[in-house]
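Visitor: Right, I'll just put the structure down here and ask away after.
Each reported figure results from applying straightforward, stated rules to the coordinates on display, with no laboratory input. In this text the structure is predicted, and so the values were computed from the model without any measurement. Using ideal geometry, Cβ is built from the backbone for each residue, glycine included, and neighbour counts are taken over all protein chains shown.
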Amino acid sequence: MPPKTAGSKKTEKPAQVIKPLVDGKGKKRKAKRKESYAVYIYKVLKQVHPDTGVSSKAMNIMNSFVNDIFERIASEATRLAHYNQKSTISSREIQTAVRLLLPGELAKHAVSEGTKAVTKYTSSR
């Protein structure tokens, strides 16, 4: 071990104290929750590949992907409603947006799954 010299003295920083979130009244405040599709992505993964896991990085990528696709579908559906002078987006606009955005067979599967989900929802009400 080399001898310590005056110039190479390290200054230790005090340990950082993590304070709980406190509002103006001195009560603990809950941390804001982050919304994510992680639970649903994981459920689908387990349906398709029960013995496969997913890393947190991959889950973040999948979450971003789902958000991006939903945003694209919503904007395309909004555009379609505007073209037809309608102020409401219906399942028809969503279906057309999906057909325009997704390629070939993927669009067919998405439309059939969407139709199935809407039918299941309306029959349960």
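Visitor: Does any residue in segment 36-65 that is outside any helix (DSSP H, G or I) come within less than 6 Å, Cβ to Cβ, of a residue that is of a type in the set (V, I, T) six or more places away or on a different chain, and which pairs are these?
Guide: Y37/V66
Visitor: Next up: Restricting attention to segment 56-91, report how many residues are exposed (fewer than 10 other Cβ atoms within 10 Å of the Cβ) and within 15 Å of the chain's Cα centre (by Cα).
Guide: 2
Visitor: Still on this structure, I have one more. Can you spot a residue in segment 93-110 that is of a type in the set (A, V, I, L, M, F, W, C), surrounded by fewer than 12 Cβ atoms within 10 Å (Cβ to Cβ) and over 19 Å from the mean Cα position of the chain (by Cα)?
Guide: yes
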